[in-house]
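One structure is given below, represented as structure tokens, and several questions about it will come after.
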Amino acid sequence: MTNLSVVGLGPVGLCSAVAFATQGHRVIGFDIDAKRRGQAAQGEPPFYEKGIETALRKVLRAKRFSVVDTMDAAIEPATIVFLCVGTPSREDGSMDDSGLRSATKSIAEAWRDGKRRTVVVKSTVLPGTTDHVVRPILEAAGRPFRLGVNPEFLREGRALEDALRPDRVVLGADGPETARILKSLYRFAKCPILATDLKTAEAVKYATNSFLATKVAFADELANLCDALDVSYDEVHKGLGLDPRINPRFLVPGVGFGGSCFPKDVRALVSAGRRRGAEPRLLEAVLAQNEVQYQRAIAFLEEELGDLNGKRIAILGLAFKGDTDDIRETRALPIARSLLAKGALVVGYDPLAGPAFSQVVPEVKVVDSVKEALAGADGTILQGDWPAFSRLTAKDFVTTMATPVVVDGRRILDPKKMRGVRFHRIG
Ligand code: UDX
């Protein structure tokens, strides 16, 4: 049982804290945002993650996890300190490490004793950041420290699951003692554990997300080509996936990838590579392709309805994917803006993300049910892979819409069950 603290209680920090506490460690949580501290302390996660509320309340009750109001109180009892602060994109796509810097400075200031502690960067940071940003701040404080890197591979909507049952753990260490400490922390993980150096661990995270984003963009492009060549994507995918080097997973074509990770991480890697004289042409093409993929859905609507001016179009799914309330980089945004620019009346529905979405695009009429969104609509675009949407039947569309034009942007409906629907999907 180890005393560890988690600095930053967003989805990554809180899910990681709860997972470590569930495994029997004593975990202390801190966040500079007092509201977020209060919510975590009350067992009311400020974001939607399946199972997090129950698991959080359980470890709070068992006194395995507690939230403190000062960094001092977070650092003093801890032997390991996890940095889980955000590293968002700047305007030019580069990684903004200001949050990481200020959190590290606060940790150094709160480190009042001579105890040696291990500082572990879980935030997604470019290769070399832990060494060149975190290390100098801790060195300036003159405290005995070890440094580790432990990238997160949490998928939104399944973050707690991924934290409790990772399918691989990557540990960067500044020496054998740190590697030993981190490996013992992950004794619970029944999966491969890669122990490597700091920079490699940071790089593995970007390599993974960049490849996954490329895989999605490839699926989108292949689907576009299948449509142009009049072949079935599903059939081609069956053959493609048989190759063990490719495997069938993560090749679902649609309106493009969104979320707070893929776009940010690919942009940061491209920007960092470019700054050092590399030419990341393929990843730049992935970003460029992803930017316009949503237009396929709009084109299907225009094919069926002609000029969209004055037409009523419903968007089902406003968050960047199902099972989350996160609208960061959601493809629903460019879809809505493009429809509005064409003079369409846009109605949107999402089980969780409606209010957040209408803050950003007030011109979209956000309603409270699928039925309300479909009522009288001339066309619908499915943008979120919510389970509720995959259960929609042809009857749901035909009996409620003015014209049953449906574009499935997330490949969640079965075309064979769409009799009477003017149905399209990508690929
Ligand atoms: C991703 C990585 O999966 C996770 O390991 C990392 O830690 C964070 O980034 P997340 O962004 O939560 O997780 O979502 P994910 O489920 O990976 O989907 C990312 C985007 O790709 C979504 O917009 C999704 O709709 C899209 N996608 C995913 C596809 O279009 N097709 C697919 O086959 C898979």
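Taking the Cα centre of the chain as origin and charging only Cβ (+1 Lys, Arg; -1 Asp, Glu), how large is the dipole, in debye to the nearest 20? Can you show the working numbers first?
Values: 60 positive and 53 negative charges, 283 e Å.
Dipole size: approximately 1360 debye.
Please turn the phi angles of region 235-251 into ³J(HN,Hα) values with the Karplus equation 6.51 cos²θ - 1.76 cosθ + 1.60 (θ = phi - 60°), one per residue in order, whole Hz, x for glycine and proline.
Working through the residues one at a time gives 5, 5, 4, 4, x, 4, x, 6, 6, x, 6, 9, 6, x, 7, 6, 10 Hz.
Using a cut-off of 16 Å between alpha-carbon atoms, which aspartates and glutamates can reach Lys416, once sequence neighbours fewer than 8 places away in the same chain are excluded?
Output for Lys416: Asp234, Glu235, Asp396, Asp408.
Could you give the spread of the C-alpha atoms of region 348-427 along their three principal axes, from largest to smallest, in whole angstroms?
37, 24, 19
Once ligands and nucleic acids are excluded and a 1.4 Å probe is used, how much of His237 is accessible, expressed in Å² to the nearest 10?
40
Could you quote the convex hull projected area for region 178-240, Cα atoms only and averaged over all directions, in nm²? Intermediate values should be presented prior to the final figure.
Details: hull surface 24.7 nm².
Mean projected area of the Cα convex hull: 6.2 nm².
Per 0.36 nm of contour for each residue apart, how much would the distance between Arg187 and Thr399 grow if the chain were fully extended, relative to their Cα-Cα spacing? Mind showing how you got there, number by number?
Details: separation 212, 0.36 × 212 = 76.32 nm, distance 5.52 nm.
This chain segment gains 70.8 nm when fully extended.
Using packing as a proxy for protection, rank 411-420, 328-337 so that the peptide with the highest average count of other Cβ atoms within 10 Å comes first.
Details: 411-420: 15.0, 328-337: 23.1.
With the highest mean Cβ count within 10 Å placed first, the list reads 328-337, 411-420.
Modelled label-to-label distance, Asp234 and Thr200, 7 Å Cα→beta-carbon offset: nm?
4.4
Holding the Cα-Cα limit at 20 Å, pick out from Lys215/Lys264; Lys50/Lys190; Lys50/Lys365; Lys50/Lys321; Lys238/Lys395 the pairs that are longer than that. Don't jump to the answer; show the numbers that get you there.
Values: Lys215/Lys264 16 Å; Lys50/Lys190 22 Å; Lys50/Lys365 27 Å; Lys50/Lys321 14 Å; Lys238/Lys395 30 Å.
Beyond 20 Å: Lys50/Lys190; Lys50/Lys365; Lys238/Lys395.
So which trypsin sites (Lys or Arg not before Pro) in region 21-54 pass both tests, a DSSP loop state and at most 16 other Cβ atoms within 10 Å of the Cβ?
Working: sites: Arg26, Lys35, Arg36, Arg37, Lys50; in loops: Lys50.
Answer in residue order: Lys50.
Which far-off residues, 5 or more places away or on another chain, put their amide H under 5 Å from the one on Ile381, with H placed in the peptide plane?
Residues meeting the criterion, in which the H sits 1.01 Å from N, are Ala314, Ile315, Leu316, Val407.
If I model a spin label at Glu177 and Arg101 as a point 7 Å from the Cα along the Cα→Cβ vector, what separation in nanometres do I get?
3.0
Give me, ordered by chain and number, the residues 5 or more places off Val120 or on other chains with an amide H under 5 Å from its own placed amide H.
Val81, Phe82, Leu83, Gly148
Suppose every Lys and Arg Cβ carries +1 and every Asp and Glu Cβ carries -1, with no other charges. What dipole size does region 321-427 come out with about its Cα centre, to the nearest 20 debye? Numbers along the way, then the final one.
On the way: 16 positive and 13 negative charges, 108 e Å.
The dipole magnitude comes to about 520 debye.
Mind listing the phi-derived Karplus ³J(HN,Hα) values for region 82-88, rounded to whole Hz, using 6.51, -1.76 and 1.60 with θ = phi - 60°, and x for any glycine or proline?
Ordered by residue, 3J(HN,Hα) equals 8, 9, 10, 9, x, 10, x Hz.
Taking the Cβ-Cβ separation of Arg61 and Met1 as r and a Förster radius of 22 Å, what is the calculated FRET efficiency to the nearest 0.05? If you can, show how the numbers build up before the last one.
Working: r = 17 Å, r/R0 = 0.79.
Working from the Cβ atoms, E equals 0.80.
Taking every pair of alpha-carbon atoms in region 75-206, give the share separated by more than 18 Å as a whole percent.
Of the Cα pairs, 53 percent sit more than 18 Å apart.
Still on this structure, please answer the following. For region 294-425, what does the accessible surface come to per residue with a 1.4 Å probe? Please give it in Å².
41
To continue, here is another question. In degrees, nearest 10, range 0 to 90: what is the angle between the Cα axis of helix 198-229 and the longest Cα principal axis of the chain?
Once rounded, one gets 10 degrees.
Suppose we keep just the DSSP beta bridges with both residues in region 3-196; what percent of those would be antiparallel, to 5?
Details: 3 of 28 bridges.
For region 3-196, the DSSP antiparallel bridge percentage is about 10.
Could you work out how far the C-alpha centroid of region 345-394 sits from that of region 269-330, in angstrom?
18
When DSSP assigns beta bridges and you keep just the ones with both residues in the chain, what percent turn out antiparallel, to the nearest 5?
Numbers: 3 of 46 bridges.
Of all bridge pairs located within the chain, approximately 5 percent are antiparallel.
Seen from all sides and averaged, what is the projected area of the convex hull of the Cα atoms in region 185-312, in nm²? Let's see the in-between values first.
On the way: hull surface 49.5 nm².
Mean projected area of the Cα convex hull: 12.4 nm².
As a test of the formula, what do you get for the chain when each DSSP H run with n ≥ 4 contributes -39,500 (n - 2.57) and the sum is divided by the residue count, at 222 nm and rounded to the nearest 500 deg cm²/dmol? Could you put the intermediate results ahead of the total?
Working: 18 runs with 182 residues, N = 427.
Taking each H run of at least 4 residues, the total per residue is -12500 deg cm²/dmol.
Then there's this: Using only alpha carbon pairs under 8 Å that are at least six residues apart, calculate the relative contact order of the chain and give it in whole percent. Mind dumping the intermediate values first?
Values: 873 pairs, mean separation 48.7, N = 427.
Here the relative contact order equals 11 percent.
Here is a further query. To the nearest µm²/s, what D does Stokes-Einstein give for the chain at 10 °C and 1.306 mPa s, using the Kirkwood radius over alpha carbon pairs as Rh? Please report the intermediate quantities before stating the final value.
Working: Rh = 23.1 Å.
It comes out at roughly 69 µm²/s.
Another question about this same structure. Using the Karplus curve 6.51 cos²θ - 1.76 cosθ + 1.60 with θ = phi - 60°, what ³J(HN,Hα) values do you get for each residue of region 179-192, in whole Hz, with x for Gly and Pro?
Using θ = phi - 60°, the values come out as 4, 5, 4, 6, 4, 5, 5, 9, 3, 6, 7, 8, 7, x Hz.
Another question, then. For a distance above 13 Å, tell me the whole-number percent of Cα pairs in region 117-174 that qualify.
On the way: 1056 of 1653 pairs.
That tail contains 64 percent of the Cα-Cα pairs.
Let me ask you something else. Sorted by packing (mean other beta-carbon atoms within 10 Å per residue), highest first, where do 358-371, 93-106 land?
Values: 358-371: 14.9, 93-106: 18.1.
By packing density, highest mean first, the sequence is 93-106, 358-371.
Could you give the angle, 0 to 90 degrees to the nearest 10, between helix 11-22's Cα long axis and the longest principal axis of the Cα atoms of the chain?
The answer is roughly 60 degrees.
OK, next. Can you tell me the orientation of helix 295-305 relative to the chain, as the angle in degrees between its alpha-carbon axis and the longest Cα principal axis, to the nearest 10?
20
For Thr196, which sequence-distant residues (separation of 5 or more, or a different chain) have an amide H within less than 5 Å of its own amide H, given hydrogens modelled in the peptide plane?
Leu171, Gly172, Ala173
Now, a different point. Carbon and sulfur atoms: what percent of the 1.4 Å accessible area of region 3-196 do they account for?
Values: 4160 of 8200 Å².
Answer for region 3-196 is 51 percent, counting heavy atoms of protein chains only.
Additional query: Whole number in Å², please: accessible area per residue of region 81-177, 1.4 Å probe, ligands, DNA and RNA not counted.
Values: 3860 Å² over 97 residues.
With all protein chains present, region 81-177 gives 40 Å² per residue.
The values are calculated or read from the model by the stated rules, or taken from the named source; none is laboratory data. What you see is a predicted model; the values in this text were computed from it and never measured. Glycine gets a Cβ as well: all are built from the backbone with ideal geometry, and neighbour counts include every protein chain shown. Accessible surface areas use protein heavy atoms only, side chains included; no ligands, DNA or RNA. Shrake-Rupley method; radii C 1.70, N 1.55, O 1.52, S 1.80 Å.
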